[in-house]
1. Residue by residue through the range 258-290, note down the ones that are touching a Lys or Arg at 6+ places or on another chain (Cβ under 6 Å) and either among the aromatic types (Phe, Trp, Tyr) or part of a strand (DSSP E or B) (or both).
2. Of all residues in the range 370-427, how many are over 16 Å from Gly85 (Cα atoms) and of a type in the set (Phe, Trp, Tyr)?
3. Out of the residues in the range 145-179 that are touching a strand residue (DSSP E or B) at 6+ places or on another chain (Cβ under 7 Å) and of a type outside the set (Val, Ile, Thr), state the one that is farthest from the ligand (Cβ to nearest atom).
4. Might you check whether a residue that is among the polar types (S, T, N, Q) and within 26 Å of Leu28 (Cβ to Cβ) occurs anywhere in the range 107-121?
5. Every residue in the range 202-227 that is outside any strand (DSSP E or B), within 17 Å of Gly286 (Cβ to Cβ) and of a type in the set (A, V, I, L, M), please.
6. Could we say that Val96 is more than 16 Å from the ligand (Cβ to nearest atom) and more than 18 Å from the chain's Cα centre (by Cα) here?
7. Within the range 224-263, track down each residue that is away from the ligand (no atom under 14 Å from the Cβ), out of contact with any helix residue (DSSP H, G or I) (no Cβ under 6 Å at 6 or more places or on another chain) and without any contact (Cβ under 8 Å) to a residue 40 or more places away in the chain.
8. Test Gly80 against the criterion of being out of contact with any helix residue (DSSP H, G or I) (no Cβ under 8 Å at 6 or more places or on another chain) and either in contact (Cβ under 8 Å) with a residue 24 or more places away in the chain or among the basic types (Lys, Arg) (or both), and give yes or no.
Amino acid sequence: MIFIDSEQKLWGMDQLLRDAARRSLEYLRKASDRPVCPPEAALRRLDELDPKLPDDPTPAAETLRLIDDFASPATVTTTGPRYFGFVVGGALPVSVAAHWLATAWDQNVGMAVMSPSASRLEQVAGAWLLDLLGLPPTSACGFVTGTTTAHITALAAARHAVLARAGWDVERRGLNGAPPVQIVGSREIHSSLYRALAVLGLGRDGVTHVDVDSQGRLRPDRLPPLRAPAIVVAQAGNVNTGAFDPIDELCAAAAEAGAWVHVDGAFGLWAAAAPSTRRLVAGLAGADSWATDGHKWLNVPYDSGVAIVRDPAAVRAAMAMSASYLVRGQQDGMEFTPELSRRARGVDVWAALRTLGRSGVADLIERSCAFARRFAEQLSAAGAEILNDVVLNQVLVSFGSDERTRRTVEGIQKEGTCWCGTTEWQGRVAMRISVSGWNTTADDVNRSVAAMLRVWSKTVL
Ligand SMILES: *Cc1c(COP(=O)(O)O)cnc(C)c1O
């Protein structure tokens, strides 16, 4: 009998997990030295993972070996110290370890009756987050897959609340015939918000756009009159420049009109957790909902996002479900997220926060910002142009013409010391540097700058 080995029990669980630990350690040990981008040969070998579905069982140890032999070499080393693409954090060792342990528990955190311990860890992690970010302590925290899902969750609560105030029960009646909801946000709101609005039936095209300044901040002098039912979306951390909308002014205008304010703070919300950046999010606690990621700046493993809603009743109403077999507790995870069954994501967040403490989180944020400034200073000193005010962890770099910038970035990606992507900022092509990893050091920044300059000097059109 292959499935339960009577000698070793559970097909060699002991050996299998030790083997996984050994392989993981080997991978992580090499993570700071291997090329950030996988070589072509490694990508070609991925075909080995794609045979016909076998008719017969394979020993589990062999399965693990196949994954490690063929998939590990073709990973992008986003967890290493010189990955500056998109906004991608690494994973703190303790959060990886806690993630493993929670996977061994295999708890379903949808209802506390299925997992008292994981539910408790999530509740505590949520309370710690609210404390750390300076948000109202009685807010609801839903541990979701990322900021996109956090938007869907929080904006569903917003949709419920603003329509309930207009006398419309959207959960019961849907949007057909509902009073139109005014949605206001800057031209620079993140694409994930459009997706959330589309999913919720509020429509991508439903956004009234407000002009922005040179850093991509919403201009409050251009705000249209707000009329309830209304939702204002604010950006805490522009995905290109790292700039912040004037949240205090938006909250004041919204309060007057009875509008709901939702803040996209996928990474920028963490500015609230460090003394030197806190001023960027002035007025943050005056909003109604916030979306952020754990897998970006907090450096917990994928996937991890949090939907925070000031009025727990609003998100409970938006996510309500019941069935006779469901055993409901005081505060079940399923009330605050779109899922019923779900892994215990909050455990990783609890582990990261318990280990870092308040000062450790502040240090992580401030260190990343300091490294972003270091990038900007060194690149600028070498003649590159920095296109944004570096207020957070994001740097936009031009290496001359659009074509030369594009070619230089391609060269940097191929060279392998580090990885940065491109973007377009106010009509110009730019390289985007995002410093979000816990393990990046000053030496990593120096090495990366040296590689960038080497490639740039060789990129002549
Ligand atoms: C990354 C990001 C998102 C989307 O977050 P996911 O976790 O990928 O769903 C939304 N807004 C901003 C500003 C982001 O940086």
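Derivation of every value follows stated rules applied to the coordinates shown; laboratory data play no part. The structure displayed is predicted, hence computed values, not measured ones. Glycine also receives a Cβ, built like all others from the backbone with ideal geometry; neighbour counts cover every protein chain displayed.
1. Phe267
2. Of the residues in the range 370-427, 1 are over 16 Å from Gly85 (Cα atoms) and of a type in the set (Phe, Trp, Tyr).
3. So in the range 145-179, the residues touching a strand residue (DSSP E or B) at 6+ places or on another chain (Cβ under 7 Å) come out as 145-147, 149-151, 153-155, 157-158, 161-162.
Filter once more, so that each one left must be of a type outside the set (Val, Ile, Thr): 146, 150-151, 154-155, 157-158, 161.
Working: Gly146: 3, Ala150: 7, His151: 7, Ala154: 12, Leu155: 12, Ala157: 17, Ala158: 16, Ala161: 22 Å.
Checking each candidate, the answer is Ala161.
4. Within the range 107-121, one or more residues are among the polar types (S, T, N, Q) and within 26 Å of Leu28 (Cβ to Cβ).
5. Leu223, Leu226
6. Working: more than 16 Å from the ligand (Cβ to nearest atom): yes; more than 18 Å from the chain's Cα centre (by Cα): no.
No; evaluated as a whole, the condition is false for this residue.
7. Answer for the range 224-263, where residues must be away from the ligand (no atom under 14 Å from the Cβ), out of contact with any helix residue (DSSP H, G or I) (no Cβ under 6 Å at 6 or more places or on another chain) and without any contact (Cβ under 8 Å) to a residue 40 or more places away in the chain: Pro225, Asp248, Leu250, Ala252, Ala253, Ala254, Ala255, Glu256, Ala257.
8. Working: out of contact with any helix residue (DSSP H, G or I) (no Cβ under 8 Å at 6 or more places or on another chain): yes; either in contact (Cβ under 8 Å) with a residue 24 or more places away in the chain or among the basic types (Lys, Arg) (or both): yes.
Yes; evaluated as a whole, the condition is true for this residue.
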